[in-house]
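Quick note: the coordinates plus some simple rules give every number you see, no bench work behind them. Bear in mind the structure is a predicted one, so any value in this text is a computation, not a measurement. As a convention, Cβ positions derive from the backbone with ideal geometry for all residues, glycine included, and neighbour counts pool all protein chains shown.
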Amino acid sequence: MSKYEGRTTKILQFRGNIWPIVDEWAQNNECVLTEQEQNSRTYQRGAGNFAPANMYRISWDGSNYALEAWLYFGKWLRVHNLFIFPEEVIIDGGGTKGRPARNKAKNHANQLLQALGEPRIQ
């Protein structure tokens, strides 16, 4: 597993009904709801054809909300990039691999965190 592989996860301190805030953020950032379960929603920004899709999952575990954010590199995009990227890439952390796409995804995640009164992802 590379140091870039996986998802950035942040446990939120937010209390209350999170979904109206998330829905407004998704609409303002052109994120599409791709999966909805009883206690979670997954949103995608971008089709992932020529650049990785930005993925965001908000979930409730019964006591806390959590935000997971990652870049999704589909098979075609990974082939095009000679498999230097894993399928899922964190948006935080250092290093130069995928930095522009990671920073863009991080900026969108930070907009949601700001709306929720949470600390930003560095």
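Points worth noting:
- Straightening the chain between N103 and N29 buys 25.2 nm, computed as 0.36 nm per residue apart minus the Cα-Cα spacing.
- When only Cα pairs below 8 angstrom with a gap of at least 6 residues are kept, the stretch 8-115 shows a relative contact order of 23 percent.
- Ranking Q111, G93, I58 by how far each Cα lies toward the positive end of the dipole of the stretch 8-115 (charges on Cβ) leaves G93 at the top.
- Among G16, G46, G74, residue whose mean-square fluctuation peaks in a GNM of the chain (springs only between Cα atoms under 10 Å): G16
- Within the listed set T34, T96, T42, the residue fluctuating most in the Gaussian network model of the chain (springs between alpha-carbon atoms under 10 angstrom) is T96.
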